[in-house]
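Each reported figure results from applying straightforward, stated rules to the coordinates on display, with no laboratory input. These figures come from a predicted structure and were not determined experimentally. Don't worry about glycine lacking a Cβ; one is built from the backbone with ideal geometry, like all the others, and counts go over all protein chains shown.
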Amino acid sequence: MREYFRKPYMTQGIGKHSDYMKAIPQRAIDVQGLIAPNIEFKKPYDYHPNTAQMIHYYANNLHYLGGDPVPPLNDPSLLPHAPIAETPVEETPVFDYGSYGDSYTSLLLHMDKTGGAFIDSSLSRKIITTVGDAQQTTSKSVFGGSSGQFNAGYLSTPADASFNTGTGEYTLDFWFNTTKATTPGGVNMIPLYQGDSVGISSTVSQVIQIGIVTANKLSWSPNYKSYPSHTWITTSAAINDGLWYHVACVRSGDNHILFLDGQQQGSTLTLAGYTAVAATDPYFVGKQNATYHQYVGWMDEVHISKGIARWTANFTPPTKAW
């Protein structure tokens, strides 16, 4: 069926047959904006052409040949109406958390909100508290044009079941860049740490430190709660040259493997049946406690995964953000 669109005025006010006939073509406009080509008028010849009955007869009997009749020109529904005032609806802005990793991701810090608060982009949206001068800056970055800069400042997030890996698989990976010199027993630096804020060994699940075992080298202890009989895996080269490095600490079954830029460091550490402590204290990024083991440098793409060993052999480091 074709529809005709009429201009919003009716037959009311049209007093002469000739005026009505002039108005008809403007009221019979087809859907393409063209005057309908084949309009037929049904004429009852017993009406005088200028009577009101004749005018309204024309109005109510305008047909498109072969189709349905158009609505009468004096149909009240076609009368002009005042514009309906629409109240604008303000949309709540959606905060851009960036990509969220995947369902295994417990914590994901893209560190891309320059000058703003650090946020967790994982699906759990954990609360991130900034202490001291930790900030997001464009001075250095791997992805996203920004990274986290630490100068004895740090981040913390409350204890959460998604950090408690038990005997299951997990992966800790992040990028870091530092020029800070370290010596064992001196000012050691700790990029990631799970445990209490003063470093009591029985509550510490694992520690990643720079300089604690060998000067200027990164070491990982997946069984730090066994102190003093805990074990370290250490990088083969110093890493305080101001370059970006990708670190991955992986548990696959009972095997624990440390990777630097996708290359395994040291030997695989097997801890049969080892259960990581279920820490009831915060997870820290950039420190162990307020006076010791604080990180100085940059970090990017801090990513903690529970329930998956993302790499078990040498690999190419990620080429984009999670």
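Can you tally the net charge around T114? Count Lys and Arg as +1, Asp and Glu as -1, for every other residue whose Cβ sits under 14 Å from the Cβ of T114. With Lys, Arg at +1 and Asp, Glu at -1, the net is -1.
Modelled this way, with points 7 Å down the Cα-to-C-beta line, the labels at L243 and T275 are 4.2 nm from one another.
Computed from backbone phi, the HN-Hα couplings of segment 268-285 come to 5, 9, 9, 10, 4, x, 5, 10, 5, 5, 8, 5, 9, 10, x, 9, 10, 10 Hz, rounded to whole numbers (Karplus: 6.51 cos²θ - 1.76 cosθ + 1.60, θ = phi - 60°; Gly and Pro given as x).
Under the simplified labelling scheme, the T319-S226 pair shows an inter-label distance of 3.9 nm, with each label point 7 Å from Cα along Cα→Cβ. Residue ranges 236-242, 134-140 sort as 134-140, 236-242 when ordered by packing (mean number of other C-beta atoms within 10 Å per residue, highest first). In terms of packing, defined here as the mean over residues of other Cβ atoms within 10 angstrom, the peptides 209-220, 271-282, 166-177, 97-108 line up highest first as 209-220, 166-177, 97-108, 271-282.
With θ taken as phi - 60° and the Karplus curve 6.51 cos²θ - 1.76 cosθ + 1.60 applied, the whole-hertz 3J(HN,Hα) list for segment 295-300 is 7, 10, x, 10, 9, 8 Hz, x standing for glycine and proline.
The orientation-averaged shadow of the Cα convex hull for segment 105-306, equal to a quarter of the hull surface, comes to 9.8 nm². Annotation: extensible slack from A215 through L123 equals 29.4 nm (criterion: 0.36 nm per residue apart, minus Cα-Cα distance). Here each label is just a point 7 Å from Cα along the line to Cβ, and for A181 and D133 those points are 2.0 nm apart.
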